[in-house]
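Working notes for the structure below.
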Amino acid sequence: TGYMTLDTGYKNTGSCASTITYLDGNKGILRYRGYAIEELAEKCSFVEVAYLLIHDKLPNTEELNAFKSLLERFALIHEDMIHFFDHFPSHASPMSILSVMVNSLCNYYPEMSDDPLENIDMTAARLISKIRTIAAFSYKKSMGHPLVYPRHDLSYCGNFLNMMFDKPVKPYTVRPEVVATLNKLLILHADHEQNCSTSTVRLVGSAGVNLYASIAAGINALWGPLHGGANEAVIQMLEAIHADNNDFEKYINKAKDKNDPFRLSGFGHRVYKTYDPRGTIIKKACDEILTVLNISDPLLDIARKLEEIALSDEYFIKRNLYPNVDFYSGIIYRAIGIPTNMFTVMFALGRLPGWIAQWKEMREDPSTKIGRPRQVYVGEPERPFIPLEKRD
Ligand code: CMC
């Protein structure tokens, strides 16, 4: 009953009260639990930030060690789950594999079913640790290479890189600069208030379903090219420009053409009307790691040029369209050997602690109700029924 406000895409609807992430889209400010993203990205490990998001406090040494040992304890996935990988077609999307595997975790680790909040620490650690193993195993399986199991002597990011790239014939050396860069990227992706995938996790979770299933739903939302899938789409766009002899004008014009669905991937944001603060840090990290690794990637030059052209074009200026988190991240992933079709999986690894924190906040809030938006009905008014033989 009553008057309904239509807000397509929820541009101006607050769906919850939250203490997790503060975002000022006009000033380009992003904070997790009150801490500036710039400082967290520089000074913290991803595991510390995950703890911060979930527990609303930076862990002391004891808390951090306890959390790390949970992550070590839960790093394996049930061996039976490894067989899942054998039954996907070879071209299967890593995002679909990831959501299927995460959804299935509730069958192997059903401790959440009675009281979902009682075991939240364990479940959070299981998810954060296992998603990394699932992602790396999925890559190894896609390559037909033997699996590399997690090790207790490596950091969260070091372990992931080792599981991805270590081979019996060519042992992988975990480079601290690469670990530090990956760590930074994951921190910068760790939460972003009520974005599409996070709202999905909350909405699905509000129906009472378990955390694993809620997160799997979030992974599916993230997959979309307007959301996390943009990091993969950026590289495809830069490659296309490269193959087109750097015909920037063509792509800029396509992006501006309202009859063409093409958009500049990695540009624009629902909330930021200025440079995405994560993008600023990632752009710098990108320059730094490519220098350290002595890589010269033509796609980086193309990205820089594209940014320069767009930022001086009336169309993009008028609409406040700036590079977002996805614009330069893919160039880093490429440089450290992550295949393009896994870029969005990397985003999911980073976003997971945020999804968990938001799900937990939602479940702990006694005022939470099942998410159930209304609509503005614009269909036919009541119509008389027409029997089959009389229909034209
Ligand atoms: N290229 C060309 N035009 C654009 C772009 C773009 N990347 N982004 C927005 N616009 C135009 C859009 O056509 C519209 O123009 P007009 O007012 O003339 O109709 C205006 O800018 C506003 O766009 P909108 O679609 O109403 O804005 P939104 O808040 O609904 O969409 C967005 C936000 C991120 C989906 C959009 O900017 C976009 O599609 N960007 C490209 C995809 C992308 O990079 N996504 C990653 C977002 S950041 C990380 C994440 O969420 O995963």
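Out of 48, 62, 38, I need the residue that is within 18 Å of residue 179 (Cα to Cα) and open to solvent by 50 Å² or more (accessible area, probe 1.4 Å). Which one? Step through it out loud before you land on a result.
Numbers: 48 fails: open to solvent by 50 Å² or more (accessible area, probe 1.4 Å); 62 fails: within 18 Å of residue 179 (Cα to Cα).
Result: 38 is the single residue among 48, 62, 38 that is within 18 Å of residue 179 (Cα to Cα) and open to solvent by 50 Å² or more (accessible area, probe 1.4 Å).
Can you tell me which residues in region 74-107 are outside any loop (DSSP other than H, G, I, E, B) and over 22 Å from residue 160 (Cα atoms)? First the steps, then the outcome.
To start, the set of residues in region 74-107 that are outside any loop (DSSP other than H, G, I, E, B) comprises 79-87, 94-107.
Matches in region 74-107: 87, 106, 107.
Can you confirm whether region 78-91 contains a residue that is open to solvent by 70 Å² or more (accessible area, probe 1.4 Å), within 23 Å of the chain's Cα centre (by Cα) and free of Cβ contacts under 8 Å to residues at least 24 places away in the same chain? Don't jump to the end; show me each part of the working.
From region 78-91, those open to solvent by 70 Å² or more (accessible area, probe 1.4 Å) are 78-80, 83, 86-87, 89-91; that's our starting set.
Imposing the further condition that a residue be within 23 Å of the chain's Cα centre (by Cα) reduces the set to 91.
With free of Cβ contacts under 8 Å to residues at least 24 places away in the same chain added as a condition, the list becomes 91.
Taking every residue of region 78-91 in turn, at least one turns out to be open to solvent by 70 Å² or more (accessible area, probe 1.4 Å), within 23 Å of the chain's Cα centre (by Cα) and free of Cβ contacts under 8 Å to residues at least 24 places away in the same chain.
Has region 269-276 got at least one residue that is outside any helix (DSSP H, G or I), surrounded by fewer than 21 Cβ atoms within 10 Å (Cβ to Cβ) and more than 12 Å from the ligand (Cβ to nearest atom)?
yes
Can you tell me which of 219, 289, 281 is within 16 Å of the ligand (Cβ to nearest atom), of a type in the set (A, V, I, L, M) and either part of a strand (DSSP E or B) or open to solvent by less than 10 Å² (accessible area, probe 1.4 Å) (or both)? Steps first, please.
Details: 289 fails: within 16 Å of the ligand (Cβ to nearest atom); 281 fails: either part of a strand (DSSP E or B) or open to solvent by less than 10 Å² (accessible area, probe 1.4 Å) (or both).
From the options 219, 289, 281, the qualifying one is 219.
Taking region 321-353, which residues are within 11 Å of the ligand (Cβ to nearest atom), of a type in the set (A, V, I, L, M, F, W, C) and surrounded by fewer than 24 Cβ atoms within 10 Å (Cβ to Cβ)?
Passing the criteria: only 321.
Considering only residues that are open to solvent by 20 Å² or more (accessible area, probe 1.4 Å) and not polar (S, T, N, Q), which ones fall in region 234-246? Steps first, please.
Taking region 234-246 first, the residues open to solvent by 20 Å² or more (accessible area, probe 1.4 Å) are 236, 239-240, 242-246.
If the condition is that a residue be open to solvent by 20 Å² or more (accessible area, probe 1.4 Å) and not polar (S, T, N, Q), then 239, 240, 242, 243, 244 are the ones that fit.
Is it fair to say residue 136 is farther than 19 Å from residue 355 by Cβ, assigned to a loop (DSSP other than H, G, I, E, B) and open to solvent by less than 60 Å² (accessible area, probe 1.4 Å)? Give the steps one after another, and end with the answer.
On the way: farther than 19 Å from residue 355 by Cβ: yes; assigned to a loop (DSSP other than H, G, I, E, B): no; open to solvent by less than 60 Å² (accessible area, probe 1.4 Å): yes.
When the stated conditions are applied, residue 136 does not pass them.
Consider residue 227 against the criteria (1) under 19 Å from residue 356 (Cβ atoms); (2) crowded, with 21+ Cβ neighbours inside 10 Å; (3) in contact with a helix residue (DSSP H, G or I) (Cβ under 8 Å, 6 or more places away or on another chain): it satisfies all of them except one. Which criterion is unmet?
(2) is the only condition that residue 227 fails.
Can you name the residue in region 199-216 that is of a type in the set (A, V, I, L, M, F, W, C) and closer than 11 Å to residue 359 by Cβ and, of all such residues, is surrounded by the fewest Cβ atoms within 10 Å (Cβ to Cβ)? Before the answer, list the steps.
Going residue by residue through region 199-216, those that are of a type in the set (A, V, I, L, M, F, W, C) are 201, 203-204, 207, 209, 211, 213, 215-216.
Still in the list and also closer than 11 Å to residue 359 by Cβ: 201, 203-204, 209, 211, 213, 215.
Details: 201: 28, 203: 19, 204: 21, 209: 14, 211: 26, 213: 19, 215: 30.
Going through the qualifying residues, I end up with 209.
Is there any pair linking a residue in region 243-260 that is under 16 Å from residue 302 (Cβ atoms) to one that is open to solvent by 80 Å² or more (accessible area, probe 1.4 Å) and within 10 Å of the ligand (Cβ to nearest atom), with Cβ under 6 Å and at least six apart or on different chains, and which?
Pairs found: 255/263.
Can we say residue 315 is within 16 Å of the ligand (Cβ to nearest atom), surrounded by fewer than 18 Cβ atoms within 10 Å (Cβ to Cβ), over 15 Å from the mean Cα position of the chain (by Cα) and among the hydroxyl-bearing types (Ser, Thr, Tyr)?
yes
So residue 258 passes all but one of these: (1) away from the ligand (no atom under 16 Å from the Cβ); (2) surrounded by fewer than 19 Cβ atoms within 10 Å (Cβ to Cβ). Which condition number does it fail?
Answer for residue 258: the failing condition is (1).
Of the conditions (1) away from the ligand (no atom under 12 Å from the Cβ); (2) over 22 Å from residue 236 (Cβ atoms); (3) part of a helix (DSSP H, G or I), residue 294 clears all except one; give me its number.
It is condition (3) that residue 294 fails.
The values are calculated or read from the model by the stated rules, or taken from the named source; none is laboratory data. Everything numeric here is computed off the predicted structure, so don't read it as measured data. Positions of Cβ are backbone-derived with ideal geometry, glycine not excepted, and every protein chain shown enters the neighbour counts. When the accessible area is computed, the model is the full protein with side chains, heavy atoms only, and any ligands, DNA or RNA have been set aside. Shrake-Rupley method; radii C 1.70, N 1.55, O 1.52, S 1.80 Å.
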